[in-house]
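Have a look at the structure below before the remarks.
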Amino acid sequence: MYLRMTWVFILSTASILDMTGCLPDKHLLSWLKPNPINILTLNAPPYFDSDLPQKMVTNLGDTAFLKCKVINLRNRMVSWLKTDPLQIISTGMYTFIKDPRYSSEYMEEENTWVLRITKVEYEDSGMFDCQVNTDPLMTYTVSLKVVKKDYRQFLNDAPQYAAEPSVKILGGFEHLVKVGSVLNLTCVVTTPTSYNQMTRWLHNDRIVTPKTGVSLLSENTPHTSVSCLIIHRVQHRDAGSYVCAAGDIGHDMAVVGIIEEATPVKSFLTYDMLIPFIVLLSISSLIIVLGIIRSVARNSEEVDSCSRRKTDV
C-alpha cells in the first residue's frame, strides 16, 4: 500500500514538472533534489533553479554575467537569445553572434550556464532568454540594465586628499620691469583647511596698502587664496624685495629690478626743419651746376679766340 502511494506521488510531481518546467525548492522534497549522494533516477523533465537572480545591473564598461541553472538537463541543449531585437546568441558552447564580446560558458561545478558580455554598452540592455529545447520550450528570462558608474559611492572609502600648506609668488624669484610699465605680482596660498586670514604684502619690510597707482586684489576658495599686487606705473622707487606673508602658513619673497626703457638717438633734424633743409640743398645744388656750366662755357670761348688769332697771322 505504501509503495503504491509513493509511486503516485512521484508520478504527480513529474507531471507538474513537465507542465511548468520549474518547481520551487520549498515544494521539492530533499530526496528528490539532485546531489552527489542521491541522484534522481526517474525520467523527470528538466527545470530551472529559481534562486539565481533574474535582474542584473552592470556598470558601463564592466563585464556582465547572466546565469541560468538547469537541473535534469540530460541530453538537451541550452540556448541564449536576446528578445528585442530577437537574436540567437548561442546554443550550447557555440556562439552565433558576431560580436566578440559575447560568449557562452558552462560552469560544471555549479551546473550553471553563463552568458558573458565584456565591456558592456548601453545597447546591451534588454531581456535575455535562457531556453531549453523541450516540447514546449522552457524559458528562463534574465534582464540586463547597463548604467553609468557612480563614483560617489567610493567617496567614503577613499582617503581624502589633503593639500600641503604653501605660499608661492608666481613668476619666479626675480622680476625685471621697465620704467613706466605695469608690475603684477600674484601670490597663491594653499591650505588643507579653510583659509580665513588676510594675506599681506611687504615692500622692503614695509606693509603695502592700496593707494593711487597701487591696487591690491584678492580671491578666496575653500582651500586656496589668491592675492595680486598691481603697480600701474613703475618708478625707480618701486625696486626692491616684495614679501607675500600668509600668517602662520608661511611667506614667499620676490625681487623686482627696474630697467630703463631704451630711447632712440635723436636726430639733429626735426620735422619742421626737414622741408627748409631740402629747399636749401636743392638751391645749393642748382648754383653749383650753373657755376660748372659757366666755367665750361668760358673755357670754350678762350679756345675759340686763340684759334682765330693764329688764323689771322
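The values are calculated or read from the model by the stated rules, or taken from the named source; none is laboratory data. Owing to the predicted nature of the structure, the values given are computational and were not obtained by experimental measurement. Cβ sites come from the backbone with ideal geometry, for glycine too, and all protein chains shown count toward neighbours. Protein only, heavy atoms only, side chains kept; ligands, DNA and RNA dropped before computing areas. Shrake-Rupley method; radii C 1.70, N 1.55, O 1.52, S 1.80 Å.
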## Note on the structure
Residue hits (segment 102-133; in contact (Cβ under 8 Å) with a residue 40 or more places away in the chain, under 22 Å from Ser50 (Cβ atoms) and assigned to a loop (DSSP other than H, G, I, E, B)) are Glu110, Asn111, Asn133
### Query
Of the residues that make up segment 78-101, is at least one of a type outside the set (Ser, Thr, Tyr), at pLDDT below 85, under 26 Å from Pro53 (Cβ atoms) and outside any strand (DSSP E or B)?
yes
### Query
Can you name the residue in segment 68-77 that is in a loop (DSSP other than H, G, I, E, B) and among the charged types (D, E, K, R) and, of all such residues, is farthest from the chain's Cα centre (by Cα)?
Arg74
### Task
Return only the number of the condition from (1) over 39 Å from the mean Cα position of the chain (by Cα); (2) open to solvent by 70 Å² or more (accessible area, probe 1.4 Å) that Trp113 does not satisfy.
(2)
### Task
Could you tell me which of the residues Thr191, Thr209, Thr186 is in contact with a strand residue (DSSP E or B) (Cβ under 6 Å, 6 or more places away or on another chain) and among the polar types (S, T, N, Q)?
Thr186
### Message
Quick check on Glu105: is it under 39 Å from the mean Cα position of the chain (by Cα) and closer than 26 Å to Ala44 by Cα?
### Response
yes
### Query
Taking Asn196, is it under 30 Å from Asp248 (Cβ atoms) and at pLDDT below 90?
yes
